[in-house]
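Reading through the structure tokens given below for one structure.
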């Protein structure tokens with residue numbers, strides 16, 4: 001299925017966003033897109049916003065511009081937050097980003113020797129925009145599947161698109177009821193453990209609270225998150241296979257923690273860039289988020305962090321900025337979600353995820369009451 005073809009589900013998605021973000025007369029809605037494949041979603045939201053009496057403005061920033069900036073701009077220019085995007089965030093009361101899934105272009109411009117530092121600076125600039133977004137607006141981000149990404153992972157395009165809509169337009173009120181027990185366990189918990197043949201990680205969570213994401217901010221959605229205690233992350237975790245972040249490919253990424261800080265980074269591909277990201281600022285050395293995927297409607301492993309973190313049977317950590325609403329205090333311009341698949345057929349072997357010894361996933365199978373199915 002071609003995402004640019006007329007599809008009534010884009011209008012359903014726009015209505016869902018407008019309702020969840022309470023778009024009303026006198027609201028100012030900023031819309032960001034990164035590719036023409038996101039236009040059906042953007043056009044539907046423009047219609048929904050204007051019908052409600054709101055104003056709507058759209059910013060198009062192609063990922064090509066990011067790639068060329070890394071190759072040709074000075075480090076100081078790269079580190080400067082994009083002025084038009086910043087102005088849009090300051091103008092808006094509501095913001096929605098439609099981010100198409102675009103596989104990194106391996107044929108782009110030749111990379112300068114200081115490329116890792118340049119990428120870290122660019123992520124820092126983008127982090128400043130993200131901070132304006134969550135401080136100033138009611139916001140949402142939607143990750144739009146594309147035929148190009150589907151071809152890269154050997155999946156039919158309609159599989160990704162169907163799962164996207166299923167994971168974006170779920171019965172969120174019912175989902176919240178099913179998932180509340182996991183939130184309660186985190187609120188009352190002391191620690192979380194993640195174990196598998198290539199991983200043994202413990203994260204302290206005492207005194208921290210859970211945030212449930214169920215259709216309001218990230219689409220597709222379905223996760224519970226918290227902010228681990230800053231100096232209570234110990235052990236190692238491996239992310240087998242290929243994942244993509246900031247237009248970069250990482251393969252078999254390995255992180256080791258001591259007293260909450262990253263002390264070792266390894267990867268078969270992307271290790272130097274990963275180390276530069278960890279060095280973004282003081283807070284990027286620490287885990288700002290622990291997230292647990294809860295969506296049983298999103299099942300296809302894609303290599304895209306935004307999608308895979310929602311899959312039931314996965315767990316993810318984010319280096320950098322913590323969620324203040326969870327009690328987190330770690331500050332950083334970086335927020336790098338990295339997802340680990342714990343399911344039976346996972347590349348790194350079946351894993352176990354437990355809160356205070358009580359498993360959510362055990363040897364690759366979801367065992368928490370009310371989650372499976």
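Computed from the coordinates by the stated procedures, all read-outs in this text should not be read as laboratory data. As the structure is a computational prediction, the values presented were derived from the model and not from experiment. Counting neighbours? That spans all protein chains shown, and the Cβs are built from the backbone with ideal geometry, glycine included.
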Review point. Given the Cα-Cα distance of residue 80 and residue 159 and 0.36 nm per residue of separation, how much length would full extension add, in nm?
Key: 24.6 nm
Practice item. Quick one, can you get me the convex hull of the C-alpha atoms of the range 172-366 expressed as volume per residue in Å³? Key: 102
Check your understanding: Summing -39500 (n - 2.57) over the DSSP H runs of n ≥ 4 in the chain and dividing by its residue number, what mean residue ellipticity at 222 nm do you reach, to the nearest 500 deg cm²/dmol?
Key -> -9500 deg cm²/dmol
**Study point:** Antiparallel DSSP beta bridges within the chain, percent to nearest 5
**Key:** 70
Point to revise | Stretchable slack from residue 372 to residue 256, in nm (0.36 nm times residue separation minus alpha-carbon distance) | key: 38.7 nm
Check your understanding: If you take all C-alpha pairs in the chain, what percent of them are over 34 Å apart?
Key -> 23
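Sorted from fewest to most neighbouring beta carbons within 10 Å, what does the list 182, 242, 344, 84 look like? Don't jump to the answer; show the numbers that get you there.
Numbers: 182 20, 242 17, 344 13, 84 9.
Listing 182, 242, 344, 84 from fewest to most nearby Cβ atoms yields 84, 344, 242, 182.
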Review point. Based on the Cα gyration tensor of the range 99-149, what are the three equivalent ellipsoid semi-axes, each the root of five times an eigenvalue, rounded to whole Å and given largest first?
Key: 25, 20, 5
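Considering only the range 172-366, what is the antiparallel percent among its DSSP beta bridges, to the nearest 5?
Working: 54 of 56 bridges.
In the range 172-366, approximately 95 percent of DSSP beta bridges are antiparallel ones.
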**Study point:** the range 177-232: radius of gyration over Cα atoms, expressed as a fraction of 2.2 N^0.38 Å
**Key:** 1.24
Point to revise | Computed FRET value (nearest 0.05) for residue 209 with residue 110, which takes r as the C-beta separation and R₀ as 41 Å | key: 0.30
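How big is D, in µm² s⁻¹, for the range 8-168 by Stokes-Einstein at 4 °C and 1.567 mPa s if Rh is the Kirkwood radius over C-alpha pairs?
77
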Point to revise | √(5λ) per eigenvalue of the Cα gyration tensor, the range 327-373, largest first, Å | key: 25, 16, 10
Revision key, fill the gap. Residues 155, 244 in order from fewest to most other beta-carbon atoms within 10 Å are 155, 244
Revision key, fill the gap. The answer for the per residue Cα convex hull volume of the range 49-136, in Å³, is 104
**Study point:** Extended-chain gain in nm, criterion 0.36 nm per residue less alpha-carbon gap, residue 8 and residue 57
**Key:** 15.4 nm
Review point. Measuring from centroid to centroid over Cα atoms, what is the spacing of the range 55-72 and the range 155-201 in Å?
Key: 31
Practice item. Sort 173, 234 so that the residue with the fewest other Cβ atoms within 10 Å of its own Cβ comes first and the one with the most comes last. Key: 173, 234
